[in-house]
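Okay, structure first, notes after.
The values are calculated or read from the model by the stated rules, or taken from the named source; none is laboratory data. Here the structure is a predicted model, which is why all the values come from computation and not from measurement. Neighbour counts are summed over all protein chains in view; Cβ atoms, including those assigned to glycine, are modelled from backbone coordinates with ideal geometry.
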Amino acid sequence: MAVRAAGQIAGICHLYRSSSLGGFRTLSQNVSSSKHTPSNAPETTVDHLIYTPEHFALKESIKKIIDQEINPHVDQWEAEGKFPAHRIFKILGNAGILGVNKPVEYGGLGLDFSYSVAVSEELGNIRCGGIPMAIGVQTDMATPALARFGSHELKTEFLLPSILGDKVACLGVSEVGAGSDVSSIMTKAVRQGDEYVINGGKMWTTNGTQADWMCLLANTSDGPPHRNKSLICLPMDLPGVHIARQIDKMGMRSSDTAEVFFDDVRVPSKNVIGKEGMGFTYQMLQFQEERLWAVANTLTTMDIVIQETIDYTRQRKIFKMPVLHHQTVHFRLAELQTEVELLRSLLHRATALFIKGNDVTKLASMAKLKAGRLARELGDSCLQYWGGMGFTNDVLVSRFYRDSRLISIGGGADEVMLGIICKYMDTLPK
Ligand SMILES: Cc1cc2nc3c(=O)[nH]c(=O)nc-3n(C[C@H](O)[C@H](O)[C@H](O)COP(=O)(O)OP(=O)(O)OC[C@H]3O[C@@H](n4cnc5c(N)ncnc54)[C@H](O)[C@@H]3O)c2cc1C
């Protein structure tokens, strides 16, 4: 049954891969039979600002995979502290979902970034934050710079199998002593002939215990901090790569997070992405996609948490009437849904500008800041209305409360976003 469904999904995506306007009707028919759009979602297939029927068809195919291959196992993977990345990525890779905006030559669908945002929004239907985050690392955090600046040889070796779901990627930027201040990383890659010798370590590496390769940020010279770094494709099975431990976390539990050490790891110098010394700049560019992706991913889950809170409070009676009928409750939920829609509008505006080639660093930073803050507010308010049930591990709202706390910290903390916004407003003291 699952195999046949996966085949159908691959069929949709195959149609989708080859579709210009020729495949439009079939796809829109497929879309119009969709039943999963939450009742409070404003999206329609006919008049969406950035999504076409093709976007909705793609979302539909992802939803099927989530329902059949992922959601039934989430509780188990959360309990185990890890999900089987190779197995799940292969399913997603077969359906074309791991490279929607990557070049066709390397297994991608060759579409624009709005499709990646659509994928991310849809992945918000997964009933935890850890698995979407792991997928996002593969598609929009570890691979954008490689796709944009990498050599043909590197793309063939690392990008193609990552898009097909044959290799799991991770991103090695943060270190024990350097998170918010990326420029202060200490990991060194010293050139010796045709190789780099790498020493140092990375902290908080998502997918780190399962990854086949790392997009590593390392210092390749002693120059100024913004000009001395390079991004390097590092196979994780090289001698000298040590997975020190899997970090025990309060949330995102099904996503494995590793601390990694490098002890005289030798990697060919051709594994540098683009130009040596440009790693910091490439990473900053890569952050735009990462942040927009993170915002998109949290929106759907926020819709679901609000809807489940409505459903629960409608049937739960206190003082002879449903919890929902207390004005403070339904007014608060209306306020939160309004905030979600505002954030969605900002995301779609930033996405529309990004795919036209604009620098959207300011809008992406604002959206990421707002997503982190809103998720904290929304998780807290909704959990409250579930009473004791909200304090159990049986409901999505408590998992969301824990998982979404990361948004204000990871991929640039709220204060880092504020600093970037201030730079654009020209209010940051020099
Ligand atoms: C679950 C998880 C997964 C992660 N996955 C990855 C990954 O795959 N790859 C990767 O490279 N990294 C990853 N990270 C790391 C993440 O990006 C960092 O945690 C984040 O950048 C913050 O760095 P830090 O933890 O070192 O905090 P620090 O840099 O020590 O900052 C601590 C706090 O200082 C405050 N702060 C920061 N800047 C300012 C400022 N200018 N003014 C005032 N206050 C400020 C913020 O509140 C911040 O939270 C992950 C982290 C977690 C927890």
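Only one entry in 265, 260, 197 is within 13 Å of the ligand (Cβ to nearest atom) and either closer than 21 Å to residue 416 by Cβ or assigned to a strand (DSSP E or B) (or both), namely 260.
Regarding residue 131, is this residue within 16 Å of the ligand (Cβ to nearest atom) and not assigned by TED's automatic domain parsing to the domain that holds residue 211? The answer is yes for residue 131.
Only one of 334, 367, 375 is within 12 Å of residue 302 (Cβ to Cβ), at pLDDT 95 or above and not polar (S, T, N, Q); which? Working first, answer last.
Working: 334 fails: within 12 Å of residue 302 (Cβ to Cβ); 367 fails: within 12 Å of residue 302 (Cβ to Cβ).
Of 334, 367, 375, the one residue that is within 12 Å of residue 302 (Cβ to Cβ), at pLDDT 95 or above and not polar (S, T, N, Q) is 375.
Look at (1) of a type outside the set (Ser, Thr, Tyr); (2) free of Cβ contacts under 8 Å to residues at least 60 places away in the same chain; (3) under 20 Å from residue 120 (Cα atoms); (4) within 16 Å of the ligand (Cβ to nearest atom) and you find that residue 356 fails only one, number (4).
Does residue 231 satisfy the condition of being touching a helix residue (DSSP H, G or I) at 6+ places or on another chain (Cβ under 7 Å) and assigned to a helix (DSSP H, G or I)? First the steps, then the outcome.
Working: touching a helix residue (DSSP H, G or I) at 6+ places or on another chain (Cβ under 7 Å): yes; assigned to a helix (DSSP H, G or I): no.
It is false that residue 231 is touching a helix residue (DSSP H, G or I) at 6+ places or on another chain (Cβ under 7 Å) and assigned to a helix (DSSP H, G or I).
Filtering segment 341-360 to residues that are crowded, with 19+ Cβ neighbours inside 10 Å and farther than 15 Å from residue 117 by Cβ leaves nothing. Of all residues in segment 243-294, those satisfying the criterion of being assigned by TED's automatic domain parsing to the domain that holds residue 352 and farther than 23 Å from residue 224 by Cβ are 289, 290, 291, 292, 293, 294.
Taking the conditions exactly as written (buried (at least 21 other Cβ atoms within 10 Å of the Cβ), within 13 Å of the ligand (Cβ to nearest atom) and modelled with pLDDT of 95 or more), does residue 159 satisfy them or not? Here the answer is no, as residue 159 does not meet what is asked. A count restricted to segment 199-212 and to residues that are in contact with a Phe, Trp or Tyr (Cβ under 9 Å, 6 or more places away or on another chain) and surrounded by 24 or more Cβ atoms within 10 Å (Cβ to Cβ) stands at 1.
Scan segment 305-323 for residues that are in a helix (DSSP H, G or I), among the aliphatic types (A, V, I, L, M) and more than 25 Å from the chain's Cα centre (by Cα) and the total you get is 2. Just so you know, in segment 175-189 the residues that are surrounded by fewer than 17 Cβ atoms within 10 Å (Cβ to Cβ) and part of a loop (DSSP other than H, G, I, E, B) include one that is farthest from the ligand (Cβ to nearest atom), and it is 186.
Each residue in segment 371-384 was checked for being in contact (Cβ under 8 Å) with a residue 60 or more places away in the chain and farther than 13 Å from residue 293 by Cα, and 5 of them qualify. I'd like to verify a number: residues in segment 237-257 that are assigned to a loop (DSSP other than H, G, I, E, B) and closer than 17 Å to residue 406 by Cα, how many? Of the residues in that region, 10 qualify. Using the structure shown, decide if residue 231 is crowded, with 24+ Cβ neighbours inside 10 Å, within 15 Å of the ligand (Cβ to nearest atom), closer than 30 Å to residue 77 by Cα and within 23 Å of the chain's Cα centre (by Cα). For residue 231, the condition - crowded, with 24+ Cβ neighbours inside 10 Å, within 15 Å of the ligand (Cβ to nearest atom), closer than 30 Å to residue 77 by Cα and within 23 Å of the chain's Cα centre (by Cα) - is not met. Name the residue that is surrounded by the most Cβ atoms within 10 Å (Cβ to Cβ), counting only residues in segment 405-420 that are near the ligand (Cβ under 6 Å from one of its atoms) and more than 15 Å from the chain's Cα centre (by Cα). Within segment 405-420, the match that is surrounded by the most Cβ atoms within 10 Å (Cβ to Cβ) is 416.
Among the residues of segment 151-178, how many are under 21 Å from the mean Cα position of the chain (by Cα) and not hydrophobic (A, V, I, L, M, F, W, C)? Summing the residues that are under 21 Å from the mean Cα position of the chain (by Cα) and not hydrophobic (A, V, I, L, M, F, W, C) in segment 151-178 gives 9.
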